[in-house]
Amino acid sequence: MTSFAQHNFANEKVLIRVDFNVPLDKQTFAITDDTRMTAAVPTIKKILNDGGSVILMSHLGRPKEGPEERYSLRHLLNHLIKLLSGVTVKFADDCIGEETVKKAAHLQAGEVLLLENLRFYKEEENGDTDFAKKLAALGDVWVNDAFGTAHRAHASTAVIAQFFEPEKRFFGLLMDAEVAAAEKVLHKADKPFTAIIGGAKVSDKILIIENLLERATDIIIGGGMAYTFMKAQGGNIGKSLCEEDRLEMAIEILAKAEAKGVCIHLPSDSVIADNFSNDANTSTAPSNNIPDGWMGLDIGSMACEQFANVLHRSKTILWNGPMGVFEMSHFQHGTKAIAAAVAEATTNGAYSLVGGGDSVAAVNQFGYNDKVSYVSTGGGALLEYFEGKELPGIAAVKSL
Ligand code: AMP
């Protein structure tokens, strides 16, 4: 397979699956975070600079039954024009159909055509072959640059591959960078390798933890999921988040880690609240001795120090999931402290990969996005990559 960077796209009509699933303001439809759009620009520019033309296809949101104004990709058009300044960018009101075929056929070298939301057709998510064939007919070459949806076997992300010869399928530059970052951490990590796993539920992160037990030297567990581990070990957790049906599993994970020599770090103390609210009364307590009626909503200052010490001696760091309810100002200190520690470790030479919606939101919010080695655009996709699964969007490009 020739790489995207080596291929010359002159005079080719290149159909790119991008992930333009950006958040929009509910009233004005203004883009509130354009990271996913800016991330696709280098791929688009490379093709245009070669003398090719570009057809962009993406989903946006989760439309239920057909077209919905709030999920129209037209809301992204002006911003795309701004990002590609000087380039002619056209819009097609439909992602397939006669008009769209015409617009694609008339597209000149150096021009871009943005298609309407793929998910206005249920065939997209169903992975319908006829629908994929219609999309494929619009271009000469297919580029998958949508890492964020690479874990879905949808028409435009995977099924479409069969309509292009192997030498007409490519990963875009973003996809290349995402895969390289994930591969580095998964298979080429310098040790000590610390994974920080946070967020609400153990059940969502079981598979990733199990896979990491084979690779990491240390696993830091924070956020709501830490309390299931505390309770499983006989601790009092008050009314903290707990998955009763996962207590046994938590014990099994701890035992497996011990057998494999992986160090699991749980937060020694917590910031506790008498309510799930930023206005609640707060205090601190050992994470395994939280009074009745109180809940742990962030890691405490001792835990911050404990975790920072582990991170400072790490050479590779993977971070998925916040340490507390960082959306509320009184419970964001732990997540902020961990972001700072990851940044410091990176400055001192560690390789750090941050991925998964909420941890990415946190590093962005606290201004550490350019102080870590790589911030992934993939939430679910990155998680599945680290669970050891083959992603359909990646397999499809590689398949013969
Ligand atoms: P996830 O999507 O599983 O990574 O979880 C992210 C969510 O977990 C965020 O919305 C956090 O507010 C939430 N979270 C983190 N720590 C806690 C906690 N101690 N109690 C309740 N929710 C938490």
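The values are calculated or read from the model by the stated rules, or taken from the named source; none is laboratory data. Bear in mind that the values here come from a model prediction, so they are computed numbers and not experimental data. Every residue, glycine as well, gets a Cβ built from its backbone with ideal geometry; the counts of neighbours run over all protein chains shown.
Here are the numbers for this structure:
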quantity: Residue list for region 260-289, restricted to those being among the charged types (D, E, K, R), closer than 25 Å to L212 by Cα and surrounded by fewer than 19 Cβ atoms within 10 Å (Cβ to Cβ); calculated: K260
quantity: Selected residue (criterion: nearest to the ligand (Cβ to nearest atom)) from residues of region 348-400 that are of a type in the set (S, T, N, Q), assigned to a loop (DSSP other than H, G, I, E, B) and crowded, with 16+ Cβ neighbours inside 10 Å; calculated: S376
quantity: Residue match in region 289-296 (condition: in a loop (DSSP other than H, G, I, E, B), of a type in the set (D, E) and within 15 Å of the ligand (Cβ to nearest atom)); calculated: no
quantity: From the options E124, E165, residue that is of a type in the set (D, E), modelled with pLDDT of 95 or more and surrounded by 20 or more Cβ atoms within 10 Å (Cβ to Cβ); calculated: E124
quantity: Check on F193, crowded, with 16+ Cβ neighbours inside 10 Å and not assigned by TED's automatic domain parsing to the domain that holds F307; calculated: no
quantity: Members of region 132-150 that are more than 17 Å from L353 (Cβ to Cβ) and assigned to a loop (DSSP other than H, G, I, E, B); calculated: A137, L138, G139, D140, D145, A146
quantity: Boolean, A257 is farther than 18 Å from L212 by Cα, among the small types (G, A, S), in a helix (DSSP H, G or I) and in contact with a strand residue (DSSP E or B) (Cβ under 7 Å, 6 or more places away or on another chain); calculated: no
quantity: Residues of region 262-279 that turn out to be without any contact (Cβ under 8 Å) to a residue 24 or more places away in the chain and either among the small types (G, A, S) or assigned to a strand (DSSP E or B) (or both), as a count; calculated: 0
quantity: Residue among L186, L115 that is modelled with pLDDT under 95 and either under 20 Å from S72 (Cα atoms) or assigned by TED's automatic domain parsing to the domain that holds Y351 (or both); calculated: L186
quantity: Boolean, E305 is acidic (D, E), at pLDDT below 95 and over 24 Å from D34 (Cβ atoms); calculated: no
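Let's see how each residue does on (1) within 16 Å of the ligand (Cβ to nearest atom); (2) aliphatic (A, V, I, L, M); (3) over 23 Å from L391 (Cα atoms):
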{"site": "G172", "(1), (2), (3)": "no, no, no"}
{"site": "E178", "(1), (2), (3)": "no, no, no"}
{"site": "K184", "(1), (2), (3)": "no, no, no"}
{"site": "I197", "(1), (2), (3)": "yes, yes, no"}
{"site": "A200", "(1), (2), (3)": "yes, yes, yes"}
{"site": "I206", "(1), (2), (3)": "yes, yes, no"}
{"site": "E214", "(1), (2), (3)": "no, no, no"}
{"site": "G224", "(1), (2), (3)": "yes, no, yes"}
{"site": "M230", "(1), (2), (3)": "yes, yes, yes"}
